[in-house]
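Novice: Below are the structure tokens for one structure; questions will follow.
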Amino acid sequence: MKAASAAAAILILLLALSWLAFRAVDPEAERYDRALKALDRFTVREIALHRDVLSTRAGLLRNYDPLVREINALRDALGRLRANASGDTEEAAVIDRFAAAAARQEELTEQFKSDNALLQNSLAHFRLASARFGASDENSTLVPKVSALAAAMLQLTLDTSPAASREVADRLTELATQSFPTDAAPSVRALLAHAGLLHDLLPTTDSVLRALLAAPSQAELKTLRTMILARQAQSRATAREFRLLLYAASLLLLGVLVHLGWRLRARALALRRRAAFEHLLAGISTRLIDAQPHEIGGQIELALAELAAIFDADRAYLIVSGYLTRAHLWCKERIAFPPNWPDRAPALAARLTNAEGVIHVPRIDRFPDGANKDVLAAAGLRGWACVSKLGQCGGFAILGFDALRPGIITQSPELGLLRMALDAIANAVARVNLEQERARLERSLQRARRMETVGALASGVAHNFNNIVGAILGHAEIAEAQLASDSPSARNLEEIRRAGERARDLVDQMLAFGRRRDVRQQPVSMKGLVAETSSLLHVSLPSRIELVIGEVPDSAVASGQPAQLQQVLLNLCNNAAQSIDGVGGIEIETEVHRITTPQSLTHGDLPPGRYVRIVVSDTGRGIDEATVEHLFEPFFTTRLAGTGLGLATVREIVGEHGGAINVWSQPGVGSRFEVWLPCITAAASAPRDEVPTFRLGRGETVMVVDDASERLLADEEMLAALGYEPVGFRRADDALAACGANPKRFDALLVGHPASARCALHLATALHEIVPDVPILLATASADQIGADPLMAAGITEVVHRPLVSDELASALARCLTASQVSVNELRP
């Protein structure tokens with residue numbers, strides 16, 4: 001369409017220029033020149049005709065051929081004048097009048113030729129007759145009379161006035177009345193006849209001659225010449241005007257060509273810049289693809305520096321928010337980021353972004369006044385460019401460039417390509433997140449294997465070891481009762497009994513750690529729980545340790561099992577008491593916090609939501625950094641009398657309740673253990689679009705696949721009790737058909753362990769191909785034969801143990817559904 005419009009415009013321009021050029025050369029000029037040339041030729045021939053006519057009248061020209069030629073030349077000039085006429089009415093009328101005058105002149109010329117021929121003949125005879133009388137002496141009396149007549153005739157030849165004509169008439173009368181001899185009579189009569197003819201012809205011929213010389217062609221010729229000259233001047237003036245227009249059009253065309261040339265050059269430079277920018281983007285993408293996960297951060301900072309150099313920016317940053325918020329910053333030397341910047345950039349970009357996600361503010365001082373301008377001015381910006389991409393569940397990614405000098409980051413087509421750069425870098429960040437998720441899944445799998453090992457060990461050893469310990473304690477008590485209390489044997493039996501009791505406690509802790517907790521959760525008020533636990537601690541803690549209980553908010557309500565949560569507090573406080581060698585204190589603080597962005601703690605991650613934070617701090621010996629890393633591992637302890645299962649049990653219970661733990665410790669100062677548990681509100685339910693903060697379901701549909709009918713029914717009952725809507729299938733083909741018929745029907749998939757782990761992975765892979773966005777949980781009795789890579793390839797998000805435990809299953813489902821909603825992968829369009 002644009003090409004057709006351009007071609008039409010060029011054609012119209014060429015036609016206009018051609019018309020102006022044609023009018024500028026004065027096309028009428030040649031016609032007017034021919035007309036003037038014809039008039040000049042006519043004038044010259046007319047003058048020549050008058051000359052020849054006068055010469056003929058004077059007798060100097062005896063031949064009438066020159067007159068004929070002149071008449072023909074006048075006709076030719078008149079014909080050319082007519083042929084050169086433009087057809088204008090006024091001009092045609094003038095030419096017609098001029099042609100009539102010329103025709104009249106031609107008629108007079110013809111009449112003059114006839115009269116003059118007779119006149120010259122009579123004059124010749126009159127001269128001969130008068131000359132004969134003058135030469136003869138016989139008629140002496142006639143000679144004076146003839147001489148007088150000849151003189152009068154000569155005067156009449158020169159002057160045809162009435163006086164001269166009367167004089168000739170008188171002399172004729174006088175001669176005619178004169179008597180003359182008989183022999184002279186013929187000569188006299190011939191003389192009188194010619195003299196009378198001359199008397200009549202001379203005035204007539206001269207009158208024709210005067211009429212010929214005074215013909216009106218001169219006036220018409222002058223009128224015609226004046227008209228032609230006027231029109232020629234007008235034509236020249238018009239031609240000058242068109243030449244000026246042509247000159248103006250040429251200047252305009254030159255300006256257009258210069259403008260087009262400038263635009264063409266600008267377009268070429270833009271294409272060159274775009275090619276360089278695309279080459280840079282290709283290089284950045286290649287480096288990010290080839291980089292190892294631990295090299296991504298450095299490559300992103302290098303990419304920010306290269307992109308900032310393109311726009312001559314002073315600062316650049318990338319902020320990606322999803323399951324975890326990541327920020328990468330770059331700035332020039334001797335330039336730093338001000339407080340709260342670029343932390344406030346995402347909110348500002350969300351308000352200013354357009355449909356393309358590109359924000360460009362060349363001059364902050366020209367930006368409309370308001371809160372947005374104040375935010376930019378507070379960051380010290382003179383110019384700002386930003387490209388953002390918002391996810392569907394609150395996630396976002398922005399790539400921003402700050403200019404601290406005016407006139408930098410001008411409008412450029414390359415700003416639109418920043419979206420490609422953002423996509424490339426965001427994909428690299430997403431790959432890092434996937435690697436971290438893979439590592440988390442591996443850790444979860446290893447942890448599940450350890451828990452499985454501990455559970456199997458506890459189950460295998462518990463009964464036999466309890467029987468042995470029971471027998472030892474029973475015999476020790478019987479023997480102790482038979483001996484005196486102060487005897488050496490009694491003291492030995494007391495030590496044997498105490499060792500047996502420690503062994504029994506160890507077995508109880510192992511059973512408590514490995515036991516499947518299948519207790520339905522309920523709202524637990526932290527205020528009552530802390531008050532009940534504090535009464536137990538005041539009795540069990542040594543008197544040298546002061547216990548300080550902070551105020552507990554009424555809104556601190558968690559969903560869980562009260563006995564398990566109390567066990568968490570007791571274990572943490574006992575662990576704190578054991579770290580205090582002398583006099584010291586233990587403080588318990590409880591607060592309610594709302595987290596707006598995902599947080600990563602030392603032992604677990606927290607999605608956005610409301611949480612109860614329980615802090616247990618002590619003034620004990622403290623823990624070094626190397627020990628903190630292994631603090632929650634089963635059977636890891638730094639005390640000779642410790643079992644290494646107290647903190648491991650704490651972590652197990654907190655994880656099953658959907659929480660996380662954060663540990664801070666410094667040798668010689670003390671330790672601080674923070675337990676974060678999802679907080680529920682009884683008065684009001686959570687907003688529709690808020691991420692659930694507790695592990696109970698809200699009616700989500702969960703597919704359950706298991707080949708055993710009894711086990712499938714039990715799993716469905718457990719899911720229904722947890723707040724989910726279970727849909728069970730015994731056959732894998734039926735489950736695949738249900739997903740294929742309605743892929744959006746299920747929110748999560750629970751795959752039981754059929755005949756082998758290979759069959760379970762095969763079924764999970766097939767389901768993941770049909771519904772790639774739905775999380776898949778694998779329920780298995782043993783995870784020893786399965787690695788992290790096959791689980792990732794099959795799309796499995798969580799692994800739970802069989803037989804299912806409600807707490808473990810609810811926590812795993814809550815994590816899967818939360819991660820699927822706030823995953824950084826949803827930033828991708």
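Novice: Based on the Cβ-Cβ distance from residue 256 to residue 8, what FRET efficiency comes out when R0 is 25 Å, to the nearest 0.05?
Specialist: The calculated FRET efficiency here is 0.95.
Novice: Using packing as a proxy for protection, rank 541-552, 611-622 so that the peptide with the highest average count of other Cβ atoms within 10 Å comes first.
Specialist: 611-622, 541-552
Novice: What Kirkwood Rh does region 183-234 have if only Cα atoms enter the pairwise 1/r average? Answer in Å.
Specialist: 14.7
Novice: With each label point set 7 Å from Cα along the Cα-Cβ vector, what nm distance links residue 169 and residue 343?
Specialist: Going from the residue 169 label point to the residue 343 one covers 14.2 nm.
Novice: On to the next question. Stick to the Cα atoms of region 1-94, pair each with every other, and give me the Kirkwood hydrodynamic radius in Å at one decimal.
Specialist: Values: mean 1/r = 0.0580 Å⁻¹.
Mean inverse Cα-Cα distance, inverted, gives 17.2 Å.
Novice: So what does residue 97 come to for accessible area, using a 1.4 Å probe and Å² rounded to 10?
Specialist: We get 110 Å² for residue 97.
Novice: If you project the alpha carbons of region 285-373 onto the principal axes, what extent comes out on each, in Å, largest first?
Specialist: 46, 33, 27
Novice: Separation of region 578-612 and region 22-47 by C-alpha centroid, Å?
Specialist: After rounding, the separation between the Cα centres reads 112 Å.
Novice: Shifting gears a bit: Ordered by residue, what ³J(HN,Hα) values in Hz, to whole numbers, does region 289-303 give under the Karplus form 6.51 cos²θ - 1.76 cosθ + 1.60, where θ = phi - 60° and Gly and Pro are x?
Specialist: So the Karplus estimates, Gly and Pro as x, are 5, 7, 6, 6, x, 6, 9, 4, x, x, 5, 5, 5, 5, 5 Hz.
Novice: For region 41-114, place one equal point scatterer on every Cα, skip the solvent, and apply the Debye formula. What is log10 of I(q)/I(0) at q = 0.14, 0.19 Å⁻¹?
Specialist: -0.47, -0.76
Novice: With an 8 Å Cα cut-off and a minimum separation of 6 or more residues, compute the relative contact order for region 578-626 in percent.
Specialist: Numbers: 67 pairs, mean separation 23.1, N = 49.
It comes to 47 percent, rounded to a whole number.
Novice: While we're here: Kirkwood hydrodynamic radius (Cα pairs, Å) of region 217-309? Provide the component values of the computation, followed by the final result.
Specialist: Details: mean 1/r = 0.0506 Å⁻¹.
Here the Kirkwood hydrodynamic radius works out to 19.8 Å.
Novice: Given the whole protein assembly as supplied and a 1.4 Å probe, what does the accessible area of residue 199 come to in Å², nearest 10?
Specialist: 40
Novice: Which distance in nm do the two modelled labels at residue 100 and residue 759 give, with both placed 7 Å along the Cα-to-Cβ direction?
Specialist: According to this spin-label approximation, the distance is 12.9 nm.
Novice: With a 10 Å radius around each residue's Cβ, average the other Cβ atoms per peptide and rank 169-176, 310-317, highest first. Kindly include the intermediate steps, with their values, before the conclusion.
Specialist: On the way: 169-176: 16.1, 310-317: 21.2.
Going by the mean number of other Cβ atoms within 10 Å, highest first, we get 310-317, 169-176.
Novice: Order of 594-607, 712-725 by packing, highest average Cβ count within 10 Å first?
Specialist: 712-725, 594-607
The values are calculated or read from the model by the stated rules, or taken from the named source; none is laboratory data. Since the model is a prediction, treat every value here as computed from it, not as a measurement. Positions of Cβ are backbone-derived with ideal geometry, glycine not excepted, and every protein chain shown enters the neighbour counts. Just the protein is used for accessible areas: all its heavy atoms, side chains included, with ligands, DNA and RNA removed. Shrake-Rupley method; radii C 1.70, N 1.55, O 1.52, S 1.80 Å.
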